[in-house]
Structure formats: C-alpha cells, structure tokens
Amino acid sequence: MNIECTVNGRSVSLAGEPMDRLLDLLRWQLSLTGTKEGCGEGECGACTVLMDGAPVVSCLVPLMQCAGRSIETVEGVAMGPQREFLERFVALGGVQCGACTPGVVVTACALLRSNPKPTREEAARALAGNLCRCTGYEGILRAVCDEEPRP
Amino acid sequence: MNGIGSSPPRPDGWAKVSGAALYADDLEPSGLWFGATVRSPHAHAVVSSIRYDPSVVPEAVFVTAGDLPAVNGIQLLDDSWPILADRLTRHVGEPVALVAAPSRLDALRAARAVSVEYETQTAVFSLEDAETLPPHSSLSLGCGDVDRALASAASILDGEYRTGHQEHIYIECQTMTAWFDGETVVAEGSMQCPYYIHKALVHAFGLPAERVRVLANTVGGGFGGKEDFPSALAIHAALLARACGHPVRLAYDRHEDIVATTKRHPARVRIVSGVDRQGALLGLDIDIVLDGGAYNTLSPVVLSRAALHAAGPYRCPNVRVQARALRTHTAPNGAFRGFGAPQVQFAIERHMDGIARAVGCDPFEIRLRNALEPGDRLPTGQVLDASTAARACLEEVERRTGFRKLWREAEDRRRTDPAAACRGVGLSLFFHGAGFTGNGERNMQSPVGARLLDDGRIEVLTAMTDMGQGCVAIFPQIAIAAGGFEPDDVVFAPPDTALVPDSGPTVASRTTMIVGGLIAQVASEMAERVFSWWRSSHSGVWMTDENGRLRPLGVTFREAARKYRQEVGGIEITRRNQPPAWQEFDDSAYRGAAYPTFSWGADVVELEVDRDTLAVMPTRVTSVCEVGRVIHPVLCAGQIEGGTLQALGYALLEEVKMEHGRYLNDRLATYIIPTIQDTPPIAVHLLERPWEGGPFGAKGVGELPMDGGAPAVAQAIENASGLIPNEIPATPERLLGWQRSGRCVEAAR
Amino acid sequence: MTAALSPRSLAEALRWFGDEPSSKLVAGCTDLMVADTLRRSEMPRVIDLLSVPGLADVHDTGAFLEMGATATFAALGQNAVIRQCFPALSDAARAVGGWQIQARATIGGNIANASPAGDSPPVLLALDATVVAASTAGEREIPYDQFHVAYRKTALRPGELVRAVRLPWPVPGSRQAFRKVGTRAAQAISKIAVAMSVRIEAGRIVEARIGAGSVAATPIRLRAAETAAIANAVSEALATAVGKAAASEVRPIDDVRSTAEYRSFALERVARRLVLELGGLS
C-alpha cells in the first residue's frame, strides 16, 4: 500500500505492506537512520518518534496507521528549536554509546515542550520507557532537568 | 577548555544526539544482502541431517560446516569454538547453518526452509554436574601456609556465594557486514577489537594477514560483549559473502542476540577464612568455579582475573586460591565488564560481612582493619604502590554518607521492631587491576603510531574503538596536553586495520592508561622533534611550556610542523608499550605483579525493602573511586555511574532462567534491566592519586564500578531485613525463599 | 500480502469484520506488532479500529462512564473525571508500560488481547465493569466478570468486537485501590496485580469487589476474599483474613516472571495491605 504522511515537516509518501514497521520505513525508505532498533518489541524506546506530538515506539506502529499523521524523528528534533537542550545533553554526559540517545532525546523533547523545567521525578516518569545501558541515567537527568554540570 | 581535568563535549556528541552518527546497521552498501542463522534448539545433540529447500527463496545461498574454507574454529585464545556446528551441537542457539538473501524477509524465509534432524544427548547445566566434564581451564595461586593459619585462628568462617549469568544488553545488537574486495575479505561492524576479528578471519579463511581488513563503525555499546562474539559474526558474514558474491549483513535482533551471544560467567565461590579476635585476616582458602559454557572463548583469562582478585582489597598473609572454569551445555560465556572480578568480589565482600558479624564489629571497621595499604603484599607477592587508596576510599565514603551511624540505626531498628524495618545501608570496598593480566601487555607490546600530515597536523593511529566510554574525547585531550598542541593540531585515524597498527583490544580498562600513555609519548616526541629542529635552524625567543619543553615564542606548532614537512619531510613515530621493568610476572607459578597498578573504590548503597512484596528499591548510591588522575571528569563519572547501575541490575534484577538449556528470559520484556525509575541518584566522588605509569597519572576506570555495587546492595538488604543474600540476583522470589528457610542474621546467631 | 482495511465508521468496521471474522482487529498494536517479522508479514486481513471516528471517546452516559474501545491509557490516565471517580483505573493506566506504550495501547485492546497479566482487567473486575460488544447483529452487554472465559479466550462471538467499556459511578462510601507488583519499577509486566473496591459504612466493609491479574489463567475476581472482607470493623485481623482468603483461592504458576510461591505470598500481602489502606489503617 501507499500512504501519505508528514515526516519532519515534509510531506512524504511511504510504500510497503500494511503491517510493515514505521521504524523500517523511516530507516530504509527515507534513510532517516537516526531512529534505532533496540529490541523490536516496544521495551527499550530506542526507536521513539513523535506521532502528532506524542512519543510512540516506531517498531510497533504499522504503516497502515501512518496515513495522514505527522511524524517527527530525531533528525527533525535536531533541526528544530531545542538545539540548546541537545548541546546540554552532550555536555552533561547524557550521551555515551549513543544507541539509546535518539529515543531518549525525542522523548525528552516531547516532555520539555509541555514542561520546560521538569523535576527529576517528572523526567523519570516521562523517560521510563527509554532504556539506557551506559549512563546510569545520571547525565540524562542532569541534562533534562537543566541541572548544574558536575563540579 | 581541553586541558587534563576539564570536560570538553565529546566530539561525536552532536552526531549522536542528532541521529547523524552511523552505526553498523545504518549503512547501505550497494548490492547488500542479508544473512540469517539456523540454530540448534537442543543443548546437546548429534546433527544427523541438514536439508535445505532451495525452492523457497531460489536466489538465496546456504552454508554449513561442510563449506568452510579452512579450519572450523574461531581463533581467540585457541580455536576450539566452532564456526558452525558440525556433527554435534553443544548449546541451544549454536549456529548450524547460514543463509543469505537479497532482503531481510527473504533471509528469514530461507532460514525457515532449512530442516535439521537431531538426536539429543544428555546435557549438563549445573556447576555440580559439570564437575564430571574436563574443565576449560584451572589454576591455583597463593602465599604462606593456609592450613596452619586456619588452625591457629581465633575464629573460622566458611561461606558459599553464588552469582548468575548477566547479559550485556548493549542497546545496539550485534551487527556485522562483510564482503570481498577482490581477494581481500573486509568486515565492518560493531566491535571492540578490530584486530581480534582480523586474526579470526585470517585463521578461518587461511588468508595472509594483508588480505583481511576489519573496521569498526560507531559502536552502540559493548561492555565486553563485543570483544569475543563479533569474531563469530564476522566469519559468518564473510562466509555468506563468499557464497553469494554480495556484501552480506548479519544484524541480530534482540531475541537472537540474547539467545546466541556470550554472557557473564555464573560463579560459585567458597571461602574458608581464619581471623584473629579483632577480625584481622590470618588465612583465606578460596575455591572458585566459573561456568564457562560450551566453548572456551576467553574463559581462562576471565578465570585468571577472578583468581587474582579473589582475596579482595585485603591484607592476608596466607592465601590459597583454586580456580576452575567448567564446561556446561550452554552458550559460551565470555568477556563482560569486570571479567571475573565482580563475581569474586561479591563473594569476598559478603564473606567480610560475615566475619564482621562473627567478631562483633561493623562492616566499616572490618574493612578498615584489613584494607590494603601502600607497601602491602598481594597473594602473588606484588608490593602495592603509593597510589593504593583502599583506606582513603573507605574513609571518604564514610565521611560523605555517615554509613556507620545509618548501619547501626538500621540494625537497632530491626531488633526492636522487625515488622517495621525496611530501610538499610550497605558498604563495599573493591579494587580492579588496570590493564591486561600478567604478561599480557608485555607479550603484546602494543604499538601506537603518529605521523605528520602535509598541513602540519598530526595524525594518531590506534586500533581503539569508542563504544561509548569516550576515548574519542580523552585521546585528543591527552595528545594536546602532552604535545602542547592546539585542539585542531591532532586528528585520529579511524579504527581500520588497513590504517592503524594493532594497539590491542579495547578492553581491560587499558584504553586510557596504556594506549593513552602511548599517545602521550608519540605526541610529546612529535612536538620535541619539530621544535628541536626549529631550534637548530631558527633564531628567536624561547619559552618553556607547562611540559617543560622549550618552544619558540610566537610560533605555533602547526607553523613549525608545516615548515618541517616542507623543508625536512615527514615524521612517522611508532611507540610500543613497555610495561615497567619491575612488573614481572611468572604465569606458571602465579607469582609477581599481575597488574602494573590498581584502581580503588568504596560504595555505599541505601535502599528500602518493601515489607509486602520484598521488592528492593535503592534510594541513593554514593561511589568514591580512586582512578589516578582524572582526564575528563564528566566521562569518568559517566563510566562510574553507568557501571554502578549495571552492578545494581546484576544484584537485583538481571537473571537468566533456564529450562533444558534454553534461556527463558530471551527477550527484553523478560530479561529485566533497570529503567530510569529503578535508578537511585548516584553520587560519584573521584579521589585522585596520580600514578606515574599512566598518562598524566591516569589509571583504568571502565570496569572498577562493576565490582562494588552488588555486595553493597546485598549488605544493605541484610541490614534492612536480616536476610542474608549470599546469592545474586537478590530477587523478591529469592528473598522469600531465604525468609522461609530462615537464612537470616537472627537465626544464625 | 495483507489486506488492510481502515473503516470510516463503526458500521463499516462491523460489516467488514462480520464478512470475515478471522480478520485481525488492530488498534494500538502494542502486542500484535511484537510478532516476529515473518508472522507479521503473513497476516491476511487487518482492520484498523483507530480509523473509526468516535471509538476513543470517553463520556458520561448518566448511569455509567463509558470508555470507547480505542481510548488510550494515556487518555485515561490524564482524564480528570477518571482521576477523581476511578482512581484505581487512573493508577492502572499510568502503570501500563512507559509513556510510548500508554500513548498507543487501548483499553479495548488490553481486554480483548486477554492476557492474564494485563494491567486494566483487575481494576475493571473490581469496578464492576460491563463490556459493550458490537457486531452486525447489534450490541449486547457482557458483565466483565464473565468476559474472560479461559486462557486468552473471551466471551466475544465471531464477528463481535469490544465497542466500549462501562463503569458504574461509585456510590457514597466507596473506595478503591490498585497495586501492581511488576518485574521492576516501571515498564514492567506484572508478577501479580490486585484491584479492590469496597463500600464502607460505619467503619464496616459492606460491599467488596477484588480483581487480580497474573494469578490464574485469566484475570479473576477473588470471591472468597470478597466474602472475607465483609465482616466487622476493618482491622488488622480482617485484613490478614482477606489476604489469606485471596491466597487460598488461586493456584498461580511458575513462569519467566515469577514463581507460584512468590505470587501467592505477594497476593496475600498486597490484598492485606489494600484492605488496611482502604480501611484507613495504613
């Protein structure tokens, strides 16, 4: 099937089987490889994208449900107005291997759009669906909650 | 901004947060095909027939052990690990056949068109049953007269401690692409050690070294899991590429990754100790058994590190360590951050807690009384250097947390009102030998190269990969500081065996300390060569920089170097690692200095045990670590924060349950790692005792934090609940079992 | 090849489903898409309920709160009326997966998928929910405690789908609570889950409904525990009795997430704790 949707503000058409994963279509049809696969079953959040503004795991979204929807990937987020947050994310140690990072920053950006100054608890609630194996989440929380860098 | 001790943003940071960084499965070479692996569903079976129906996917290719070009062995320490099962399979998930097709879906269809018949055999899973099979390896070490020491001790304690499998769960699954470039086999993908794979491909294909090329893409996490296993993956991909004439990618999904790849060795450690009335250690008799799984991979080296860390960071004049890695019919266990040390330090730390209770002192006192000091001897005879910081870490963590008071309060609370007790605190003291074990570094003498580019910049050549730990940031910091360069003066060649020398694997907490040290050397020599030439050929005013080097005032290194390039020519420097002459180790007798130095740490974990569900929730962790001079505080703390959480997961959540050798937790929904909501605030404090053998005084960092978390958690559970967790993970189900069987402090009394 | 159908009305969905009752109904896809690639590629006919307008509505019908089948847990968790009147459901909705899963997973999917470990079923049992089932033959109401008939089997007939779930409004004196014991603090599947709804008059529990998950082949009502709860004043002893009754009426199993022994233990303790909390003693 063919469907039309918006990806990072651009109208695109996607072609595939109805149950093909949005994750694969983004990566292989649109070459938006920033969105990563970590588990393929919605457990790790590495493939998180925004669908009409809400974070979803793109490994569990079939092509047939993308028609007419607006999708924002990490590449879109990075081109947008939240650059300062992304730079802080790097500076405060939110990134190590980087495989969970696109999913984490997409989810975090969704949070920060509605809640620009979250507490650690609010940030942790929002990011509960994003597994990170490198950072112990400390650097991530420091960046999302805009805390002071380590002395 | 870039100096030693500052934290410049990591150079790959923006690419990673913006999605631009390219990982192994993000690349799409033209004509790419996809591979799939047919695996044994049985733990131990004779393969009686393999049939393939080529009509399902006509263009697909199919490879079995019969198609191998040379030996059927993956070269690591030896080549006993088969590339593909031939006749016998020895674990569930063992590769039996490979297929490749032009699309991922067709590869899966082709794999389904393979039918294999098996005759199942008796399989061995438990360490107790594994005693009947010949071990992968064994060793012993020690000092003094243990039997006499135990006979004269005021009190004897006998304990058994167990730890389970742990799966790495790097977020990027194992991925490798291979192709033939003319006569040369090329493999690129997610890996820690390009030259390990290089060696394995040379061996498997019977090719000369120059006809094999291996390069690392951006690596989405390793933790040791991409040290050994990628060699198997690269050979598989290359076999398929040879069969179909296309580049072939093997990209495991998470399920396959968990089923097939190496894990941390489960361990059983038995300790018999003798102490005097004050709890000072007189003798330690330690028996270590590791579950090596079906094949050897790196088990002997893991076992060696386990044996060398078994007595913990404690002084003991009489020690006997016997260690064996046994065979079971499970996937081979291999490298995982800590490499044998977390298992044995869990054991010795729990044992020290037992001694403390037996002699009536608190966990802090027992550790302080026995902690190693500079000048003390380890069981191998090694004399500890001035950077030995066990006591400093203990005292600092006590100062920051008030551990002793919290511990005492919880002990009192438990006695006066057991029903209300739910909070506890635990302390651990730990150490980690930095760099390869024994003569590893001496045998390898790993090189690092540097050359002058036409524009006056320096290119540094190392084979190290950045799996997230941050050598992409730290190496430039070291080079710039050592050479007195500007940030743009130095570039690093990518880890590609066609470009860089074999500076060793990215493992063993050796990257900053060993390879960073060589980088400092080549950078410094490069600056020396250029400026001394300038001095001999130019007049002018001279100044002394912070490295004590004379340099011309008003002339940058780049200007001088560009001139040198034009007027004299190129410079190429290669420096090989020379371990200090005093670091001698006899690896047959296990005597001498197994490591050039050690890093030190003390953790305090505070937690709550839910009275209804026995679920354990850590509420705060304080980790005081001494890792020599800290090059990049944000990245260094990041290693400790992440390693500490991995240790908390190891202690509480992460468990591989097995049925007939099949892992039941073979998906991310069932293999449970900590989420952000399972994670307490982790406060890291870095003590710095610069060690003269490392660049600017740096020692190893990466593995240290894996050693301390689990025993501190176990002690805190004991403090809160009275239950004695001598086995991890300390799941609520296990806590319930201990509660019901009376394995608690009050019963032991 | 998969035939993909996106109905533009409920009637159209019902007609298409009625034509071929073996069609796969999809909504949030959070369970379905986990299927391996080959199985996913081989689904013959899929009907997307997210495309049905109005099917996600949550509204007050007077006697009931009615939640459309495709209402997501994010919507339910954020709904102020639910927070106020059905806090147990609100808590359960927030205990589903993480944000990403809550944004997609639906209440209809959660019950039609019929996992014994689902998060909402214990609450729906405790809150005396009714399922509105629809087919081309019309609508019928199924009391939720008759909805799960066997392991992963529901009372839905071929061609029938979950159109909505109804909850009766709480009466004065009623209180409710939900507790999930998961494999970790978040993004977890339950080892056990318990929901309890009681009506308290003059310090006595006069009515009790207790639902539990992951302790049997289906989500179940704990009727012995309910009976035990209706007694004299709420006390430690009563809470303990309710816990014991709960543990005695189920035979949980060992599986990858937990053990039968632990599940019985935790069920007993959590049921006890919820009685204490609802009775104001904890």
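We did not get these values from a lab; they are worked out from the coordinates using the rules stated. Everything numeric here is computed off the predicted structure, so don't read it as measured data. Cβ: placed from backbone, ideal geometry, glycine included. Neighbour counts: every protein chain shown.
Remarks
- For peptide B:159-172, the mean count of partner chain Cβ atoms within 10 Å of a residue's Cβ comes to 3.
- C-alpha center-to-center spacing [the stretch A:87-151, the stretch C:209-282] in angstrom: 38
- The calculated FRET efficiency for A:A15 paired with C:W169, based on their beta-carbon distance and R0 = 35 Å, is about 0.10.
- Ordering of B:431-440, A:80-89, B:240-249 by burial proxy (mean other Cβ atoms within 10 Å per residue, highest first): B:431-440, B:240-249, A:80-89
- Take each residue in A:136-145, count the other chain C-beta atoms within 10 Å of its C-beta, and the mean is 6.
- Residue-averaged beta-carbon neighbours from other chains (10 angstrom radius) around A:81-88: 2
- Between B:A498 and C:H59, the simple spin-label model (points 7 angstrom out along Cα→Cβ) gives 6.7 nm.
- The residues neighbouring C:S51, those whose beta-carbon lies less than 13 Å from its own, together hold a net charge of 0 under the Lys/Arg +1, Asp/Glu -1 convention.
- Rounded to the nearest 20, the size of the Cβ-charge dipole of the stretch B:236-372 about its Cα centre is 200 debye, with Lys and Arg at +1 and Asp and Glu at -1.
- Converting phi to 3J(HN,Hα) with the Karplus coefficients 6.51, -1.76 and 1.60 and the offset θ = phi - 60°, the stretch A:107-115 yields 5, 5, 5, 4, 4, 5, 5, 9, 9 Hz in sequence order, with x at every glycine or proline.
- For the protein assembly as shown, a crude dipole built from +1 on the beta carbon of Lys and Arg and -1 on the beta carbon of Asp and Glu, taken about the Cα centre, is about 1560 debye to the nearest 20.
- Signed unit charges on C-beta, dipole axis of the stretch B:707-749, positive-most listed residue B:P732, B:A710, B:G742: B:G742
- Most positive-pole-ward Cα, B:H660, B:I474, B:A107, against dipole of chain B from beta carbon charges: B:I474
- Equivalent ellipsoid semi-axes, chain B, via Cα gyration tensor eigenvalues times 5, rooted, Å: 41, 37, 23
- Computed from backbone phi with θ = phi - 60° and the Karplus coefficients 6.51, -1.76 and 1.60, the 3J(HN,Hα) list for the stretch A:32-49 is 8, 7, x, 6, 9, 9, x, 8, x, 9, x, 8, 9, x, 4, 9, 4, 10 Hz; x is used for glycine and proline.
- When you count the other C-beta atoms within 10 angstrom of each residue and take the mean per peptide, B:135-142, C:3-10, B:225-232 line up highest first as B:225-232, B:135-142, C:3-10.
- Kyte-Doolittle at least -1.0, axis length at least 15 Å by Cα - qualifying DSSP helices, chain C: C:236-248, C:260-278
- Nearest-20 debye value, the stretch B:424-531 charge dipole, Cβ charges on Lys, Arg, Asp, Glu: 460
- Shown in residue order for the stretch B:2-15 are the 3J(HN,Hα) couplings computed by the Karplus curve 6.51 cos²θ - 1.76 cosθ + 1.60 at θ = phi - 60°: 10, x, 4, x, 9, 10, x, x, 5, x, 8, x, 5, 4 Hz (x for Gly and Pro).
- In the structure shown, the pairs A:K36/B:K699; A:K36/C:K191; B:K657/C:K153; B:K263/B:K657; B:K657/C:K244; A:K36/B:K657 are assessed against 22 Å; a Cα-Cα span above that value is assigned to A:K36/B:K699; A:K36/C:K191; B:K657/C:K153; B:K657/C:K244; A:K36/B:K657.
- Annotation for B:R148 and B:S103: the two label points, set 7 Å from Cα along the Cα-Cβ direction, are 7.7 nm apart.
- Packing-based ranking, highest mean first, of C:236-247, B:569-580 given that Cβ atoms within 10 Å are counted: C:236-247, B:569-580
- Formal net charge of residues neighbouring B:P580 (Cβ-Cβ distance under 11 Å; K, R +1; D, E -1): -3
- Leading residue at positive end of dipole, the stretch C:154-220 (Cβ point charges), from C:A155, C:F178, C:L167: C:F178
- Residues whose placed amide H lies under 5 Å from that of C:G182, excluding near-sequence neighbours: C:K191
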